[in-house]
Amino acid sequence: MNHKIENKKQRCQSLKVQTITYSGTRDFVHVYLDPPIWDYVPGQFVMFRPGSWSNDPVWPRPFSICEKTDDALRLFIQVVGRGTKLISCLRPGEDVDIWGPLGNGFSLKNDESVLILAGGMGIAPFVGLCKTHKNPGNINLLFGHRAPLSSYPYDELPENMSKEAMQQKSMEDLNEFQLVLKQKIQDFASKGRILACGPSSFLRAIQKYCLEYKADAWLSLENKMACGVGACLGCVARTTDDEYVQTCTCVPVFSADKVFL
Amino acid sequence: MDFRVDLGGLKLTNPIMTASGTFGYGLEFKPYGNLEELGAIVVKGLSLRPRQGNPMPRIVETPCGMLNAIGLQNIGVEKFLLEKLPLLPWKTTPVVVNLYAQSAEEFSDLTRVLSSEEGVGALEVNISCPNVKEGGLQFGQDPQAAFKVVNMLKKHAGSKPVIVKLSPNVADIKVIAKTVESAGADIISLINTIGGMAVDIHTRKPCITNVFGGLSGPAIKPVALKMVYEVCKTVKIPVIGLGGISNTQDILEFILVGASAVQIGTASFTRPDKVFTLVKDLRVKVEELGIKSWDEFRGSLRLG
């Protein structure tokens, strides 16, 4: 399996924080940074480490690129631990070491129908994807989430794409969501490509249905990473060829039939 | 100042090397800096045949450091020599191959293969990996086993300098250091990671599948500095210091206690161009402190 991508433009830069905004609670954070010199493919990510971290926390954090405009690089982050908490408290003007864009990103054609399945924070890479898509009418998005919808960048998705959001607060909600997910995949399998990003349990369910209905599906994995450049071997995923490949440099977007989740 | 360092046959343009397991096969870092500026490139530990490594999760972040139990996942020596080495600037920057085997015989087979390779600048033998079931650490904790391995390696290494990488997970590091020196080691590097553990009170599971891992990063620097100091006092061969080095001050501290060169490990994860920046910054720091030569500064720690 060799889909390592060459990206001559990837490099490490210090970028300044422009603003930090919150959606809903302070646990959902939008970080806007000065725009980097590179361009990206939706689904690619960056490694993010504030200059102020010095010796602790040691690791940078990998984040999907939510959106990149001429004015800013935007990341959408949920506070889940010490690192993300510190990030949510960054102030405008602070330096952040950023390297990327990393990974392969999603591949899709503007003139083909696409079904996007996003779970929670898995919506992040699709914001840029949908907003820059040439024919939003070809996009169908199903968004499963736990926190209130206002926590996520859902409303800003293009008006003329088809989108549906379902909140899961209980086991019953989750079971119902799984049924909808299955139905969507079954109906869409022969119509075009499926792209998915979200928690592993969500991806596992999608993988199961996509294999069942032989859908052309691509899953974006979210593994812990220490380096982001393929060196630490801490983020590997096991492929169906029984190889461990680095999620950071070789993927993170896998064909659904090529990876064990 | 002349930045060059001569480690008993291994000549470096500056004392900054990369640490095995934190710099891939070197090529991963090509987008972030000029590999030719480094003192030496030490690649990920290689075994005779490819190894898959341990199941996930393999790494966890800890205060000022991290634990890893990768389990020496590597592409095997053959693939390295065919696909990676030719792309590395070995003519200007020595490429040190870190090697791992499960038996003394396998060590000698590996050494034979590597000793005839022009592009290999030195061999670093890993007798200190805490994350594999067989081999590795067992050679590093038992002086007799360590002697046997190093002795055999030297027989097959030809003109290649042999670096022996020591484990800190021993009662007395000086004993092992003395033993490998007497077995013919040309250079000693230390320390490898310190055995450690992390658990999750929510899932009641260990944070890494292997349960135990090796601790690295700034958290281990004081331990490393002590051991490097002790070993430098004990042996006559050159010593490479490593363990938690993240800035130029750390580098000079290791040289002050007697190290001839240093390796940068976990710090490469904090920023992929870290090691390249350190090479540039070290010149500034050395000038600032008025250090005249490495010979004058090395081991010049004042006691009392």
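The values are calculated or read from the model by the stated rules, or taken from the named source; none is laboratory data. The shown structure was predicted, so the numbers you read here are calculated from the model rather than taken from an experiment. In this analysis, Cβ positions are derived from the backbone assuming ideal geometry, glycine residues included, and neighbour counts consider all displayed protein chains. These area figures cover heavy atoms from the full protein model, side chains too; ligands, DNA and RNA do not enter into them. Shrake-Rupley method; radii C 1.70, N 1.55, O 1.52, S 1.80 Å.
Would you mind listing the helices (runs of 4 or more DSSP H) fully within the stretch A:162-261 where at least 3 residues are modelled with pLDDT of 95 or more and not assigned by TED's automatic domain parsing to the domain that holds A:Ala147? Let's see the steps before the verdict.
Working: elements: A:171-188, A:200-212, A:247-250.
Helices (runs of 4 or more DSSP H) meeting the threshold: none at all.
Residues that are open to solvent by less than 10 Å² (accessible area, probe 1.4 Å) and not in a helix (DSSP H, G or I) were ranked within the stretch B:98-115; the one that is nearest to B:Ala40 (Cα to Cα) is B:Asn98.
Going residue by residue through the stretch B:5-12, is there one that turns out to be part of a strand (DSSP E or B) and facing chain A (nearest Cβ under 9 Å)?
Pass one, the stretch B:5-12, residues part of a strand (DSSP E or B): B:5-7, B:10-12.
Adding the requirement that they be facing chain A (nearest Cβ under 9 Å) leaves none.
No, because not a single residue in the stretch B:5-12 is part of a strand (DSSP E or B) and facing chain A (nearest Cβ under 9 Å).
Restricting attention to the stretch B:182-196, does a residue exist that is surrounded by fewer than 17 Cβ atoms within 10 Å (Cβ to Cβ), of a type in the set (Gly, Ala, Ser) and part of a helix (DSSP H, G or I)? I'd like the intermediate steps shown before the answer.
Start the filter on the stretch B:182-196 by keeping residues that are surrounded by fewer than 17 Cβ atoms within 10 Å (Cβ to Cβ), which leaves B:182, B:195.
With of a type in the set (Gly, Ala, Ser) added as a condition, the list becomes B:182, B:195.
Now restrict to residues that are part of a helix (DSSP H, G or I): B:182.
Yes.
Determine if the stretch A:123-144 includes at least one residue that is aliphatic (A, V, I, L, M) and open to solvent by 10 Å² or more (accessible area, probe 1.4 Å). Among the residues of the stretch A:123-144, not one is aliphatic (A, V, I, L, M) and open to solvent by 10 Å² or more (accessible area, probe 1.4 Å), which makes the answer no. One residue alone among A:Lys214, A:Lys184, A:Lys208 is touching a residue at least 60 places away in the same chain (Cβ under 8 Å), open to solvent by 40 Å² or more (accessible area, probe 1.4 Å) and away from chain B (no Cβ under 14 Å), and that residue is A:Lys184.
Remark: A:Thr69 falls outside the filter, which requires a residue to be modelled with pLDDT of 95 or more, out of contact with any helix residue (DSSP H, G or I) (no Cβ under 7 Å at 6 or more places or on another chain), surrounded by fewer than 21 Cβ atoms within 10 Å (Cβ to Cβ) and within 14 Å of chain B (Cβ to nearest Cβ).
At least 1 residues that are of a type in the set (S, T, N, Q) in each: list the strands (runs of 3 or more DSSP E) lying fully within the stretch A:1-118 that qualify. Steps first, please.
Working: elements: A:11-22, A:28-33, A:45-50, A:61-64, A:73-78, A:95-102.
By residue number, A:11-22, A:61-64, A:73-78.
Restricting attention to the stretch B:22-64 and to residues that are outside any helix (DSSP H, G or I), within 7 Å of chain A (Cβ to nearest Cβ) and among the charged types (D, E, K, R), the residue that is farthest from A:Asp56 (Cα to Cα) turns out to be B:Arg58.
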